[in-house]
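To keep things clear, I will list the structure first and then write my remarks on it.
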Amino acid sequence: MRRTILVLALILAVLAIGLALLIPSLAVPHPREANIRRRLLRGSVIITGIGEKTLTVERGNETIELYAGGSWIYARGDELGVINWSQVTDYISVGENVTIAATVIVRNQSRIPVLLHIEKPDLTLTRLLPRYLHPGVVRRSGLRGFKAVVHYTGEKYMIAEIVKRDLKVLILTGGNWTKAGDGVVSWSEVMEEFNSGDNVWIYGRIAILKMPIAGFKVVVLSRAIINIDSGVSLVRG
């Protein structure tokens, strides 16, 4: 489990490169818009405000407001999972000193700061990024399905292998599911029905990394899981 958490920390380290001046703006451009340039930034700051879709921080005498809305991967101790920004106050608070990574998207004359990563000694938070925000890490991403064999099942995730390709996959599974025949269940209620060696079919949003990190080339935010051996079927919802 700790190796999986290390994987996420390493992904974050690749994303976070240097810190420069951030100019507040909350408009996030569509990835197809022209004239978009990006910079990846990193540094230590103090949290001064947590908004519905923003994080306000202070660095020296400078106050910076960053766009933070959306879904985030968190790793804390042996915990690993996905949360919405609205749940972030369970993990960080005003007054804390943290390390952040952000990207400043430069579009025409506008500079748009988007928060990518928050780190403190007992926690890492990483945004589930659309491809256009992290071209240096992700080769491609999209919705697709695949067959795999379960190696390990945790309370918030599953590690599986696509045997034909000798490819390890980190599958994020925490939250509620609709189980065929039983209705809505939590992952913790059904995780024991997915055991090491089971053949599964997974469907979800897949990020294929340009380079393997600690053995993982693929990270998946799962939307459907079927245990081919037992017939247990789950759909996110």
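The values are calculated or read from the model by the stated rules, or taken from the named source; none is laboratory data. Remember, it's a predicted structure, so these values are computed and weren't measured experimentally. Here the Cβ positions follow ideal geometry from the backbone for every residue, glycine too, while neighbour counts run over all protein chains shown.
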message: Can you go through 57, 104 and tell me which one is surrounded by 15 or more Cβ atoms within 10 Å (Cβ to Cβ), in contact (Cβ under 8 Å) with a residue 60 or more places away in the chain, over 14 Å from the mean Cα position of the chain (by Cα) and over 29 Å from residue 191 (Cβ atoms)?
response: 104
- prompt: Which condition number in (1) within 13 Å of residue 101 (Cβ to Cβ); (2) in a loop (DSSP other than H, G, I, E, B); (3) at pLDDT 50 or above is the one that residue 72 fails?
  reply: (2)
- prompt: If you take the residues of the range 153-168 that are of a type outside the set (Phe, Trp, Tyr) and closer than 22 Å to residue 185 by Cα, which of them is surrounded by the most Cβ atoms within 10 Å (Cβ to Cβ)?
  reply: 160
Residue 194, sole failed condition from (1) surrounded by fewer than 19 Cβ atoms within 10 Å (Cβ to Cβ); (2) modelled with pLDDT of 95 or more; (3) not polar (S, T, N, Q): (1)
query: Looking at the range 199-208, is at least one residue at pLDDT 90 or above, within 21 Å of the chain's Cα centre (by Cα) and of a type in the set (Gly, Ala, Ser)?
result: yes
